[in-house]
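Encoded as structure tokens, the structure appears first; notes follow it.
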Amino acid sequence: MKKESTFGYILRLSLTLLIITGVMALLLGSVNALTKDRIDQINAQKARDALAAVLPDAASAQEKTDFSDPTGQISQIYESETGYAIQLTVAGFGGDVDMMVGVSKTGEVLGVSIISHTETAGLGAVAAAKTSNGQAFRDQFVGMSGTLAVTKDGGQVDAISSATITSRAVTEGVNIALAWVAQNG
Amino acid sequence: MNVKKQFMEGLLTKNPVLVQLLGMCSTLAITTSLFNGIGMGLSVTIILICSNVLISALRKVIPSNIRIAAYIVIIAGFVTIVDLLLQAFLPDLSENLGVFIPLIVVNCIILGRAEAFASKNGVLASALDGLFQGIGYTLTLIVMCVIRELLGAGTFGGGILNGGEGIRLLPEGLPAMQMVMPVGGFLTLGFLIAGSQWLVKRLEKKDKEAAK
């Protein structure tokens, strides 16, 4: 067998890797094309469910197109007769937590709902879970007003055990929503 | 090729979790309810079979200097495919497993099997290896889930049965919360490893006596 030159060897390495990467990219692209619509639909459905969970009259809610948001964390605001549903993003333990907070016109929390997150399964993920303790965590915000904090920080919000950072993040999200309503509502 | 031996290796004597101690991160983190365990186990099994087959098929083409890079690209590709499919078709599971699905990319079981088995053996044997190692991983996760869920939350089948709440076997207040936390994971894993070692030793002894 003819001895391969250094150039040929490097070329062979790069080409092999290029082909493997190319084939995998093609596979990924096709799976993405197949699933994208469905994932978008599921996320849109989740956003609608989240809206219904935090505003009693969600059906009549209108999206507000222009609002001022000094924090830059609010992505959408819906207004209805009873109050506002504010969709915002806070930094959790494992990444961004996308959540929806319902606030009445008088500045009380109507409901909290988490749309998407990457928190630790079994710990921080409880905040978004459909289980009884997940529900209890989110429901405790209902009726609260002012500036909130978890009990560890001297506040009134009971954190999820072993998930203080996630609990703080959710509390911060609620605070941002309350502050926005206090200023603009 | 020895299918029975491969099966026993995956299940017990070379169980990826209990003997090779690979994939600890996911094992300890997600084994808090049955649904998570089954979902994670099946996802890893599918990825393991796919990556083993492809890596085995390409084992003569991939130059050894860049084999790790090539393996990682292949594994990452399959992981992302499974992640997208889960998000599209099993959104609840995808939400529960969260970041652990993308993390399968660096799950040592898959790279470990690619390096130790698929790169040296034929396609069929590698597929079987992926299947059996995957089954070994899944069963270990299921056992961990059942123990931790029972002792930590007092339920069985959380996430699937009884509308996601699981069937309550122990009264509320009795279960020790710690069991679903990291410390419970380490404890359960320790006892499981001890138990599996005892079983392996017993089987070896039996084999020796039978050989006499």
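Annotations for the structure displayed:
- Positive end of the dipole of chain B (Cβ unit charges, origin at the Cα centre): among B:ASN96, B:LEU199, B:ILE72, the Cα lying farthest that way belongs to B:LEU199.
- Shielding value for B:73-82 is 4, the average number of Cβ atoms from other chains within 10 Å of each residue's Cβ.
- Note on the protein assembly as shown: semi-axes of the ellipsoid equivalent to its C-alpha gyration tensor, largest first and rounded to whole Å, are 45, 29, 16.
- Using the Cβ of B:PRO63 as centre and a radius below 14 Å, the other residues enclosed give a net charge of +3, where K and R count +1 and D and E count -1.
- Rounded to the nearest 20 debye, the dipole size of the range B:3-207 about its Cα centre is 920 debye, using +1 on the Cβ of Lys and Arg and -1 on the Cβ of Asp and Glu.
- With the simple spin-label model, which puts each label point 7 Å out from Cα in the Cβ direction, the A:SER5 to A:SER132 separation comes to 7.6 nm.
- Shown is the FRET efficiency for B:ARG168 and A:ARG12, computed with R0 = 56 Å from the Cβ-Cβ distance and rounded to the nearest 0.05: 0.35.
- The range A:99-157 and the range B:94-143: distance between their alpha carbon centers, rounded to Å: 37
- Formal net charge of residues neighbouring B:GLU115 (Cβ-Cβ distance under 13 Å; K, R +1; D, E -1): +3
- Computed about the Cα centre, the dipole magnitude for the protein assembly as shown is approximately 2580 debye when only Lys and Arg (+1) and Asp and Glu (-1) carry charge, each at its Cβ.
- Rg(Cα)/(2.2 N^0.38 Å) for the range B:126-212, N = residue count: 1.42
- Per residue, the convex hull spanned by the Cα atoms of chain B amounts to 130 cubic angstrom.
- Applying 1/(1 + (r/R0)^6) with R0 = 35 Å to the Cβ-Cβ distance of B:VAL19 and A:ALA44 gives a FRET efficiency near 0.15.
- From most to least packed by mean Cβ count within 10 Å, the peptides A:108-116, B:195-203 give A:108-116, B:195-203.
- Separation of the B:SER64 and A:ALA59 label points, Cα + 7 Å toward Cβ, nm: 7.1
- Rounded to 0.05, the FRET efficiency of the A:ASN32 and B:ARG202 pair, given R0 = 45 Å and the Cβ-Cβ distance, is 0.35.
- Shape summary: the range A:1-45 maps onto an equivalent ellipsoid whose semi-axes, from the alpha-carbon gyration tensor, are 42, 7, 4 Å in decreasing order.
- Tilt relative to chain A, helix A:164-184 - C-alpha long axis, 0 to 90 degrees, to 10: 60
- Normalised alpha carbon radius of gyration of the range A:28-185 [divisor 2.2 N^0.38 Å]: 1.03
- Projecting the Cα atoms of B:VAL180, B:GLY130, B:ILE46 onto the dipole axis of chain B, where Lys and Arg carry +1 and Asp and Glu carry -1 at the beta carbon, places B:GLY130 farthest toward the positive end.
No value in this document is a laboratory result; all are computed from the given coordinates. The shown structure was predicted, so the numbers you read here are calculated from the model rather than taken from an experiment. Cβ atoms come from the backbone with ideal geometry, glycine included; neighbour counts cover every protein chain shown.
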